[in-house]
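A short reminder: the numbers here are calculations on the coordinates, not readings from a lab. Values in this document were obtained by computation on a predicted structure and should not be read as measured data. Using ideal geometry, Cβ is built from the backbone for each residue, glycine included, and neighbour counts are taken over all protein chains shown.
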Amino acid sequence: MSIYTTEDTTLASDDTRAGAKVSAGAAFGAAAAPPRMTSLDVLESEALHIIREVVAEFERPALLFSGGKDSVVMLHLATKAFWPGKVPFPVVHVDTGHNFPEVIAFRDRTVERLGLRLVVGRVQDHIDSGELAERADGTRNPLQTAPLLEAIRANRFDAVFGGARRDEDKARAKERILSLRDDFGQWDPRNQRPELWNLYNGRHTVGQHVRAFPISNWTELDIWRYIERVGIELPGLYYAHQREVYARDGMWRAVGDVSLPRADEPVLTKMVRYRTAGDMSCTGAVESTAATVAEVIREVAASTITERGATRADDRISEAAMEDRKKDGYF
Amino acid sequence: MTISTQTFASGVGPRPHGSLAEREVRERVGTLFRFATAGSVDDGKSTLVGRLLHDSKAILADQLESVTRASAARGFNGGEPGSEPGSEPGSEPGGEPGGQQIDLALLTDGLRAEREQGITIDVAYRYFATDQRSFILADCPGHVQYTKNTVTGASTADAVVVLIDARKGVLEQTRRHLCVLRLLRVPHVVVAVNKIDLVGYSAEVFTAIADEVRKVSARLGLADVLVVPISALSGDNVVDRSARTSWYTGPSLLQILQALPSTDELERGQEPFRFPVQLVIRPQGALAPELAAEPAETGDGGPDTFRDYRAYAGQLASGSVAVGDRVTVLPSGLSSTVVGIDFAGTDISVAVAPQSVSLRLADEIDIARGDLIAAAGTFVAPTQDLHAELCWLSPKPLCEGAKVLIKHGSRTVTALVRAVTGKLDLASFQEQAASGLELNDIGSVQIRLASALPVEPYARHRRTGAFLVIDPLYGNILAAGLVKDHPGDHEDER
Ligand SMILES: Nc1nc2c(ncn2[C@@H]2O[C@H](COP(=O)(O)OP(=O)(O)OP(=O)(O)O)[C@@H](O)[C@H]2O)c(=O)[nH]1
Ligand SMILES: [Mg+2]
């Protein structure tokens, strides 16, 4: 087995017959051409390069870890980047108080297994202190920004890794891999720094910090293929299971303390799984029988709806919901 | 863990080792291909990208629905405002005839300000795959003010599609972008003559523009530029060849993008091995817990195995490296032999660009972040004097005598811009005398470095010939830098 395919496929001159002339100097099929890398290999190496670059250039990095699939993949990549050493930074979780208990349990197990320090910022603390107020719609997802910025400030983090992917949302599609944030954690989409070749510029002034997104170029399907390839463990809610749910806003919501059905919302037991592990109060489940990674891959590949479209109520608030949150300092 | 120096026959991959390895890679997916758009404002770049995504079924129902809603809210009627009468407004961009017209540009113009102004401000990255390839698509802005963002999108591209409005021909901004692409040596430049529907699918108009393009690209030294007539709005020659341009016998744009070799494919095996050291991995006591805990009975794994572990982490910038290869470390010039290549717990025998690995060497030599490991005997001496071209990306102008930072590979050094020796004139493509550079200028400079860097001419080694010019005060990027051929080192000493 190899981390690249063993089959040496050169683009034969046939393939270029379609009028697509090959630039001067391209000689194919040269004797000992090394094996080529698949797109997933390239994405993985790109992510490792970015993670190492950030650790080298910043003094106090940290990684956002929620127990969701993207952050689990991120953490896995971090273990690879420094092997056989230990991951050289702490992880941060913003606890909304609306998390799925099994995801929190998974988070704690993982952090323990890897011997990492976990920094938790709690939305509840900020509500108790009066700095934040509960929203009318009951979701707490948009409230995560304040505890996140507080955790960054209190720990003097100068770089924060996130598992955001550009295919998730049209505002994320615009963000740099290293995204500079001002003293208020804000993103200025109209004035981003150039990002050239694979040379990442980590310079910043006091008070600024950087969000680093090593898996920017991965798609949902890449994440799942990678999970299959490497055998990464995820919280169980990503696979089909029986759950008590009720229908709201065209999604299946789990029944839980922070997610109670109204009288006119009958509770059913359904076979479901989650495509994202956000808050119970704003994340919907999809009906599914996909109980293994291979089945999930088949399901995602055939899906006609995006993961956020299928599962996130918070993104339906307005056309630019994600952009507005990011401008305020969100992930 | 035992360290293996055994080599495998070429093409045979790593030996499984450690806990991760067994399941590493089962399925294979296609290769990765990155392409970007360029061209003047409103020439239809975003519409083209939307069209490609739409027609290759990469748009999912909820995205389509939200774009349809946004199009309706903005009163989109399927053409550009003020387009000539007689152009077919009902040419259904991706909807049933008579259904809601959608503005395909909204699939990438995702920022609030972009939608309000109907222009692209910054690069949008989108993804789609065919059986053979995974594509990363960078939709770049055309507006001159945002050239820095277009340079960003083009710098990593395997190919760039330059759009030209069939009614307007080659504009100043088209020329600027072509200069940038030439400067960056983007491996493939494809020119799409767009809005062919607005000139009645005229072969004459297309041929005239194609001739002009060929003239311009020949003057610039861009090789093998392909020119395709398209309508991004109605989809002609984007994915499939169109019957409405029967006079055009070449491939569709997507067929071209499928067939062009990527940079990695072009360069693999051809370029000498180059490896900027990012980090020294020397865990000593700080081992990953599962390694620290493993019992040492077999002598394989366990804390003892890694007590003296020392490896150099980085990403291959070019070429390949195998266990047993002789390498030289720069700038020190010391040599050693590769005794092991680790990929996260898997001991592999060969690594190839752009893989991220850790190298173990036979000798204990002083190597730190910022050093470059290269195939032995392939490198000219590091230098403190750079002759370079700059693409100036900052509103703050460059004056002779400016103190800047240069980031090259994994090293950042202080530098002085000693002289500006010329700047490119977009009309003649000739260098004119200049004493400074302003936003979007391309010019030549002489730079003195505080310490020597192992640079190579960009024309021959993209990775070791590229650098960033950074503002020492605020950390902003001032310019993209490309090392020129030094007078005197015409010999490639491989
Ligand atoms: N008739 C016709 N109109 C087109 C075609 N392609 C684009 N347009 C229209 O041209 C206008 C500009 O298109 P965009 O795709 O936003 O142009 P752009 O090149 O991305 O513009 P910037 O990113 O701001 O530089 C829009 O009104 C499009 O609908 C085409 O092939 N035919
Ligand atoms: Mg555009």
Identify, among B:169, B:250, B:426, the residue whose Cα sits farthest towards the positive end of the charge dipole of the protein assembly as shown, taking +1 on the Cβ of Lys and Arg and -1 on the Cβ of Asp and Glu, with the dipole about the Cα centre. B:426
First measure r as the distance between the Cβ atoms of residue A:289 and residue B:56, then evaluate 1/(1 + (r/R0)^6) with R0 = 22 Å and state the FRET efficiency to the nearest 0.05. 0.20
Cβ-Cβ FRET estimate between residue A:186 and residue A:255, R0 fixed at 35 Å, reported to 0.05: 0.40
Checking a compactness column here: for chain B, what do you get for Rg(Cα) / (2.2 N^0.38 Å), N being the number of residues? 1.10
Placing each pseudo-label 7 Å from Cα in the direction of the beta carbon, residue B:307 and residue B:208 end up separated by a distance in nanometres of 8.1
Output row, site residue A:124, 7 Å Cα→C-beta label point, backbone N cut-off 17 Å, window region A:58-96, residues A:93-96
Spin-label pair residue A:206/residue A:305, simplified geometry with 7 Å Cα→Cβ offset, distance in nm: 5.1
Per residue of A:176-182, how many C-beta atoms from partner chains lie within 10 Å of its own C-beta, taken as a mean? 1
Averaged over its residues, how many other protein chain Cβ atoms are within 10 Å of peptide B:111-123's Cβ atoms? 4
Quick one: what Rg and Dmax do you get for region B:274-375 from the alpha carbons, in Å? 13.8, 42
Antiparallel DSSP beta bridges within chain A, as percent of all bridges there, nearest 5: 60
Once you treat every alpha carbon in the protein assembly as shown as an equal point and sum by Debye, what is log10 I(q)/I(0) at q = 0.09 Å⁻¹? -0.90
Of B:148/B:423; A:174/B:423; B:407/B:484; A:174/B:148; A:327/B:403; A:327/B:57, which sit over 21 Å apart, Cα to Cα? A:174/B:423; A:327/B:403; A:327/B:57
If each residue of separation counts as 0.36 nm, what is the full-extension length gain between residue B:450 and residue B:432 once their alpha-carbon separation is subtracted? 3.6 nm
Rounded to the nearest 10 degrees, what's the angle between the helix B:45-55 long axis and the longest principal axis of chain B, both from Cα atoms, 0 to 90? 80
Note, ³J(HN,Hα) from phi for region A:51-67, Karplus 6.51, -1.76, 1.60, rounded to Hz, x at Gly and Pro: 4, 5, 5, 5, 5, 6, 9, 10, 8, 9, x, 8, 10, 6, 9, 10, x
What's the long-distance tail for region A:32-131, i.e. % of Cα pairs beyond 22 Å? 41
Regarding region B:98-170, what are the three Cα extents along the principal axes, ordered largest first, in Å? 35, 34, 29
Within region B:274-375: Cβ-based charge dipole about Cα centre, in debye rounded to nearest 20 (Lys, Arg +1; Asp, Glu -1): 480
Mind giving me the FRET efficiency for residue A:248 and residue B:77? R0 is 35 Å, r the Cβ-Cβ distance, nearest 0.05 is fine. 0.45
For region B:27-265, report the % of Cα-Cα distances exceeding 32 Å. 13
Of B:218, B:206, B:235, which is farthest on the positive side of the dipole of region B:195-238, counting Cα position, with +1 on Lys and Arg Cβ, -1 on Asp and Glu Cβ, and the Cα centre as origin? B:218
Counting DSSP beta bridges in chain B, what percent are antiparallel, to the nearest 5? 80
